[in-house]
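Inspection log for the structure reproduced underneath, given as C-alpha cells.
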Amino acid sequence: MRLSTIYQLGQQPLTWVVGSLILVGASLGLLVTIKYLTLGYNALDLSIFAATLEQTIRGHWLGSTIHPPSYWGDHASPFLLLLAPLWWLWSSPLLLLWLQVLALVAAAVPLYLIARRTIRSPWWAVVAPLGYLFNPLLWRAAMYEFHLLAFAPLLVFGAWYLYFFVPKKLARVIWFGVAIAAILSLREDTAFMVAGLAVVIGWHEYRSGHLWATWRWWLLPAIAAVVWFGLAQWIIGHFAPDGSYKFLAYYGWLGSSWSAVLSRVILHPLRVIGHLIFNVDHWQLIVGLLLPAGFLALLRPRALWIGTGSLAALLLAGSDSLVALTTHYHLPLTIALTLALVESLAALERSDWRFPKWFTAWVPAKFIPRWWPIAIVALATLLAWWPLGVWPASVTSLATGRVYRQALVDQLPVAVVAATTTPLPWLATQPTVLLADYLFIGQQQLSQQPYVAPGPIELLALDARDTLLWPWRFADRTFSASAYPTAHARLRQLLQTEQLNVVAVTDTLLLYRRNAASQFVPYVLTATPATNYFGCEPRRGGAAPTDFSCTVQFRQAKANTFLRYERWDHSQLLSARLLPLAYGLYRSDELKPTDRLTTTYRLADEDDPVDQVCISLVAANGFATYDRLDRIVPQPTSVEVLTSSCWPIKPSA
C-alpha cells in the first residue's frame, strides 16, 4: 500500500474508528487469553457460566451444580441459551471470554452511527466511539470474569439507533422489539435500563408534542420492564433453595424482602438519603464513572435515565459500591454516560451550550479553542487510566501455568470434581462441578442451606492461593460467620470421608484422587510438649529455593497467621508471597499448644537466580480485593512479623 493511500485513509474519521476497534479488540483478546492461561480467573463467574452451559448441552437446561439446582435460582437469563450452540461447537471458557470482548468492542459500531447522525462534524463524531473503546472501565469489564451484561452496550446502542434514526417502518418496530427483548433477557435487573430508555423516549415524544400518538414506543417497553422484573423474581424464587432472591442479602439493612425494602425506603427516607449522601465510596464511584468523559456527559443528561436504576441499586447496597468500577456492574452506567456524551458533544459543536458568566469573567471566550471538548475527553480518558486502568500485575508465568494446567488435564475425565476458584475454570466441562469453598464452609452462596456433594468426589483441586482468602471471605460475613470456626475441620473430615489422597502437587495446587495411593504428604501434625517453635529448612540439599518445609508451634496462636516467602538476590527483594499453613487445611488459632505442624511446599521453579530465601511467620489482617488484572487477591492492611528464618541457596552445578 502506498504512503499516499495510507495518508488519505488517515484523513477519514471512519478509519480511526475501524482502526481503534481492531486495535482494542485484538489487545483485549490477547490480554484475556494470557490471563486465562496464567490462571487469573479466580472470581467464580466464568466458571459458573461455563459449567451452566455444559449442563445445558448435556440436557439440563441452565442447570448448575456450583449453585444447585439451576442457574435460574441466581438470575433470570434466558439469553444464555443462545450461547449453548456455540458452546456445543467448542466447550472452552476462552470462547466466552472472546465473545465478551467481541460484544463490548462491536458496540462501537452502533455508537458511531448514533454519533454520526447526532453530530454534524465527522471528526467530532469519532470522539464518543474512541472514548468508549479506550475507556479504562470498558477494559476492566472485558478483563473481569465473563458476564452477560457485556452484551448490553451493543443492544442498548442498537435500540437507541433504531428508535431515533431509522425510518418508521414495520422492520424498525420489529427490530426495536427484538432489541428490547434481548436486553431484558440478559438478567432481571436489566429491566432498569429498559425502563430508563422508556423514560427517555417518552420525554422526547412529550417535547415533540406526540406523547400519546407514539405511546407504543415508550409505554410498552415500560410495561415490559415491570412485568419482566416481577416475572423474573418469581422464576428465581421458584428455583432458589431459599425460595427468594438471594442477592437481597446485599440490602439487608433495608429489609429481607422486596416489600420490606420498599417500606423502609418510603417510611424512613432520611435514613436512606443519609446512606446515599454520607458515604465517601459513593462519591468516589460517581467521580470514577464521570472521569473518563471529563464530566461532559452532565451537559445533556437525558440519557442518564438509562443508568438511574442501576446506580440506585449500587448505592443502596450495603456492600462496597466501588467494586462496580473493577467489574461489569458499571456497564449500565457507562452506556448511559456514553450516550449523554454524544448529545453533549452535539450541543457543544452547535454552540447550544455556553460557559457560565463567572467562568468567562476569568477566561475570555476568545482564548478558548473551539475543539476544547475533544481535548477534555482525550485528556480525561488518559488521566482515568491511572486510577482505573488495567495494568500488569503479578501473575503466574506461562511456563508455570502450562505445567499447572497439564496436571489438571492429566486427571480428567471425572464424574464429580470439586475445586477452589483458581483451577475451577479448567474443570468446568466435567459432568458435575462443585466449588470447594462452599464445601469448606458447608453452605450455599448467601444462604444457610447446606452445600453437599451429590455423589462421591473423584477429584479435588485445592489451591493454597484460594484458601489464603478464606478468612477474609467467610469469617465476617453474615451468612457464614457462624460456620467459619468449624470450616477447616469440616474440610479435613471431608478428605477423610471421601478417602481423598494427594496424587500430584504443582506450585500451590494439591490434587486429591479418591482411593488413590498418596504421592505427597502436604503436612504432618505431631504432639509435643507445649512450646513456641518456628523453623524452616530447604529440601534437596538447599539447591532449590522453592522446595522446603516449615514447622510451627504456638503456646498461644494468633488468628490469620501465615508464612511470607521471600526471594532475595544480592540484598535485593525479588518477590514475596503469602502461603497458608498446611495449604489452608488448618487455621492457626485452632492449633493447641501441644500441636507441632510441619508443612512441605514444592513451589514452581522460577528462572531468575537467587542467593537467599527468607520465610517469615506473620500475623496479617486485611481483606480480599481486586488487583489491576481483576484477580481476587489478599490485601493485608497490617502485617506483624512474629519470627523469620533464612538460608543461603547453593548454586546449581
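The values are calculated or read from the model by the stated rules, or taken from the named source; none is laboratory data. Not measured: the values here are computed from a predicted model. Backbone-built Cβ (ideal geometry, glycine too); neighbour counts: all protein chains shown. Surface accessibility is based on the protein's heavy atoms, side chains included, excluding ligands, DNA and RNA. Shrake-Rupley method; radii C 1.70, N 1.55, O 1.52, S 1.80 Å.
Observations on the model:
- Filtered residue count, region 156-177, keeping only those that are under 23 Å from H328 (Cβ atoms) and either β-branched (V, I, T) or open to solvent by less than 10 Å² (accessible area, probe 1.4 Å) (or both): 4
- Residues of region 315-343 that are open to solvent by 20 Å² or more (accessible area, probe 1.4 Å), within 15 Å of the chain's Cα centre (by Cα) and closer than 22 Å to L184 by Cα: Y329 alone.
- Leading residue by the ranking (surrounded by the fewest Cβ atoms within 10 Å (Cβ to Cβ)) among those in region 472-484 that are touching a helix residue (DSSP H, G or I) at 6+ places or on another chain (Cβ under 8 Å) and touching a residue at least 24 places away in the same chain (Cβ under 8 Å): T478
- Hey, P153 open to solvent by less than 10 Å² (accessible area, probe 1.4 Å), farther than 21 Å from F79 by Cα and either modelled with pLDDT of 95 or more or charged (D, E, K, R) (or both) or not: no
- Of the residues contained in region 182-195, one or more are found to be hydroxyl-bearing (S, T, Y) and either open to solvent by less than 40 Å² (accessible area, probe 1.4 Å) or closer than 16 Å to F157 by Cα (or both).
- Scanning region 236-254 for residues that are open to solvent by less than 40 Å² (accessible area, probe 1.4 Å) and outside any helix (DSSP H, G or I) gives A240, Y245, L254.
- Wholly enclosed strands (runs of 3 or more DSSP E) of region 490-538 bearing at least 2 residues surrounded by 12 or more Cβ atoms within 10 Å (Cβ to Cβ), more than 34 Å from the chain's Cα centre (by Cα) and of a type outside the set (D, E): 523-527, 533-538
- Count of region 344-353 residues which are in a helix (DSSP H, G or I) and surrounded by fewer than 21 Cβ atoms within 10 Å (Cβ to Cβ): 1
A quick yes/no check of all residues on (1) open to solvent by less than 30 Å² (accessible area, probe 1.4 Å); (2) among the charged types (D, E, K, R):
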position	(1), (2)
W234	no, no
S256	no, no
P269	no, no
H275	no, no
D281	no, yes
L290	yes, no
L296	yes, no
P301	no, no
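- Contact annotation: residue pairs with Cβ atoms under 7 Å, 6 or more positions apart or on different chains, pairing a residue in region 587-607 that is under 18 Å from Y404 (Cβ atoms) with a partner that is of a type in the set (D, E) and open to solvent by less than 20 Å² (accessible area, probe 1.4 Å), are R602/D547; L603/D507; A604/D507.
- Candidate set: region 373-419, residues that are of a type in the set (F, W, Y) and in a helix (DSSP H, G or I); chosen: the one least open to solvent (accessible area, probe 1.4 Å): Y404
- Filtered residue count, region 198-216, keeping only those that are assigned to a helix (DSSP H, G or I), free of Cβ contacts under 8 Å to residues at least 60 places away in the same chain and open to solvent by less than 40 Å² (accessible area, probe 1.4 Å): 4
- Residues that are charged (D, E, K, R) and at pLDDT 95 or above, drawn from region 341-356: E343
- Selection of strands (runs of 3 or more DSSP E) fully inside region 558-642 by the criterion of at least 1 residues being surrounded by fewer than 14 Cβ atoms within 10 Å (Cβ to Cβ), among the hydrophobic types (A, V, I, L, M, F, W, C) and touching a strand residue (DSSP E or B) at 6+ places or on another chain (Cβ under 6 Å) returns 572-579.
- Pairs are defined by a Cβ separation below 9 Å, a sequence spacing of at least 6 or placement on different chains, a first member in region 516-536 that is under 14 Å from F548 (Cα atoms) and charged (D, E, K, R), and a second member that is in a strand (DSSP E or B) and open to solvent by 60 Å² or more (accessible area, probe 1.4 Å); no pair meets this definition.
- Test: residue in region 559-578 that is touching a helix residue (DSSP H, G or I) at 6+ places or on another chain (Cβ under 9 Å), among the basic types (K, R) and within 22 Å of R477 (Cα to Cα): no
- L130 meets each of the listed conditions (1) within 25 Å of A191 (Cα to Cα); (2) touching a Phe, Trp or Tyr at 6+ places or on another chain (Cβ under 8 Å); (3) open to solvent by 10 Å² or more (accessible area, probe 1.4 Å) apart from (1).
- Any hit, region 175-186, residues being under 23 Å from Y112 (Cβ atoms) and not in a helix (DSSP H, G or I): no
- Region 1-53 - residue that is charged (D, E, K, R) and within 22 Å of D466 (Cβ to Cβ) and, of those, modelled with the lowest pLDDT: K35
- Taking region 643-653 as the range and being polar (S, T, N, Q), at pLDDT below 90 and exposed (fewer than 14 other Cβ atoms within 10 Å of the Cβ) as the test, only S652 passes.
- Y41 being in a loop (DSSP other than H, G, I, E, B) and within 12 Å of L97 (Cα to Cα): yes
Quick grid of which residues meet (1) open to solvent by 30 Å² or more (accessible area, probe 1.4 Å); (2) in a helix (DSSP H, G or I); (3) closer than 25 Å to Y132 by Cβ:
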| residue | (1), (2), (3) |
| --- | --- |
| S263 | yes, yes, no |
| V272 | no, yes, no |
| I286 | yes, yes, yes |
| I306 | no, yes, yes |
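- Residue within region 80-94 that is of a type outside the set (F, W, Y), over 22 Å from G25 (Cα atoms), open to solvent by less than 20 Å² (accessible area, probe 1.4 Å) and at pLDDT 95 or above present: yes
- Given (1) within 13 Å of L460 (Cα to Cα); (2) of a type outside the set (A, V, I, L, M, F, W, C); (3) open to solvent by 20 Å² or more (accessible area, probe 1.4 Å); (4) within 25 Å of the chain's Cα centre (by Cα), number of the condition T422 does not satisfy: (3)
- Yes/no for G196 being over 20 Å from A232 (Cα atoms), among the small types (G, A, S) and at pLDDT 95 or above: no
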